[in-house]
Amino acid sequence: MNNTMNTANIEEYKGVYVFAQQVDNELSSIAFELLGKAKDLAKDLDAEVTAVLIGSGIKGLVDQLAEYGADKVIVVDDPELKDYRTEPYAHALASVIKEYKPEIMLVGATAIGRDLGPRVSARVATGLTADCTVLEIGDFPLVPKEGEEQLHKQLLMTRPAFGGNTIATIACPYNRPQMATVRAGVMQKIAPIAGAKAEVIEYNPGFTPNNKYVEILDIVKKVTDTVDIMDAKILVSGGRGVGSKENFKILQELADVLGGTVSCSRAVTDSGWMPKELQVGQTGKTVRPNVYFAIGISGAIQHVAGMEESDIIIAINKDESAPIFDVADYGVVGDLNKIVPKLTAELKAALADK
């Protein structure tokens, strides 16, 4: 790595920018989550928050971005950007970065963001930390080293590493922008500020289709009746210890009584008992419900990474030394086949009395 920093060049880069993902002219939830985090970072840097909105006919989304924290919105509006395609979107975002020079550029770690982020970082010759779960402003190196200058107000990007068995904090001190893709569900959106307005900048770098512009022949939308577990307030989550696909019926009964949703661990989806959309964890979804039941889940670090921010965690497991009890607020050691039906019956009776 080149540790020779061009201070004059780096000081040209200002502000915290967010790629405001939209699909079919509807903003994705990750856009609001990133704006919430961007406001925190911008406060520490005494900077502004700018949303980059890319698409076709999308100017009507500007006010929504302002209400969720954007001071400015750069709108790149062009017919070539109607549906997501790698080449025109990468050209759009890279051009915005080269033109406006953000200090920080955040992209959601969605299917779109995971494709877009690395391509843009390569075009603007900077680093990219993928799938971050924590972002903060601080000093780098974290601990001062003799003979090495400690740089201040750096973006410290934290993410699980080595299969989730350790946590790495990464900085990009010698290049700008500092870029990260951020896992959905881990950052908090702010309460919308009704009537808030943002400065709007219209920018179009020009789009000339070439052999890298794929032609979209058809878009097939799959209709699913699966609830998005990231929006659920109560999750009843099952692991390998539930024993079988059929046994998830007792978890569903508990969820029904509470008005909650069933979710699961990776072991369950790997066994084919539940669909991938219901998986919580590092390779699944990150959730923050008010109440999270971890039933028959041992509590591997990869699973805990996806649910540890839940308000209340209730663990039921026959193994009293299971790691899940280390993060649980309440724990019950015993046979889930006996405990869960009893709990369901008690709750049903209690709620019927109300």
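The values are calculated or read from the model by the stated rules, or taken from the named source; none is laboratory data. Since the structure is predicted, the reported quantities are computational estimates derived from the model, not experimental observations. Here Cβ is always computed from backbone atoms with ideal geometry, including for glycine, and neighbour counts include all displayed protein chains.
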Review point. Would you say Leu128 is touching a strand residue (DSSP E or B) at 6+ places or on another chain (Cβ under 7 Å), surrounded by 13 or more Cβ atoms within 10 Å (Cβ to Cβ), at pLDDT below 90 and assigned by TED's automatic domain parsing to the domain that holds Leu106?
Key: no
Exercise for review: Out of the residues in the range 6-41 that are out of contact with any strand residue (DSSP E or B) (no Cβ under 6 Å at 6 or more places or on another chain) and assigned to a loop (DSSP other than H, G, I, E, B), state the one that is farthest from Thr286 (Cα to Cα).
Suggested key: Asn6
Exercise for review: Just give me the residues in the range 250-265 being in a loop (DSSP other than H, G, I, E, B) and buried (at least 22 other Cβ atoms within 10 Å of the Cβ), in sequence order.
Suggested key: Gly260, Ser265
Study note, to complete from the structure: Residues of the range 268-284 being touching a residue at least 40 places away in the same chain (Cβ under 8 Å) and buried (at least 19 other Cβ atoms within 10 Å of the Cβ), in sequence order, are Leu278, Val280, Gln282
Practice item. Go through (1) closer than 17 Å to Ala109 by Cβ; (2) in contact with a Lys or Arg (Cβ under 6 Å, 6 or more places away or on another chain) and name the single condition Val52 misses. Key: (2)
**Study point:** Lone qualifier among Val124, Val182 - being of a type in the set (A, V, I, L, M) and more than 24 Å from Lys43 (Cβ to Cβ)
**Key:** Val124
Exercise for review: Kindly check whether there is at least one residue in the range 143-152 that is over 21 Å from Arg266 (Cβ atoms), touching a residue at least 12 places away in the same chain (Cβ under 8 Å), touching a Gly at 6+ places or on another chain (Cβ under 9 Å) and outside the structural domain of Asn290 (by TED's automatic domain parsing).
Suggested key: yes
**Study point:** Those residues of the range 307-354 which are under 20 Å from Thr133 (Cα atoms) and in contact (Cβ under 8 Å) with a residue 60 or more places away in the chain, in sequence order
**Key:** Met307, Glu309, Ser310
Study note, to complete from the structure: Result of the Cβ filter at 8 Å on the range 56-68, keeping first residues that are surrounded by 19 or more Cβ atoms within 10 Å (Cβ to Cβ) and partners that are in a helix (DSSP H, G or I), at least 6 apart or interchain, is Leu65/Ala31; Leu65/Leu35; Tyr68/Ala31; Tyr68/Phe32; Tyr68/Leu35; Tyr68/Gly36
Exercise for review: Give, as residue ranges, the helices (runs of 4 or more DSSP H) completely inside the range 282-354 that count at least 1 residues that are at pLDDT below 90.
Suggested key: 301-304, 336-353
Review point. Does Lys245 fit the bill of being without any contact (Cβ under 8 Å) to a residue 12 or more places away in the chain and either surrounded by fewer than 20 Cβ atoms within 10 Å (Cβ to Cβ) or over 21 Å from the mean Cα position of the chain (by Cα) (or both)?
Key: no
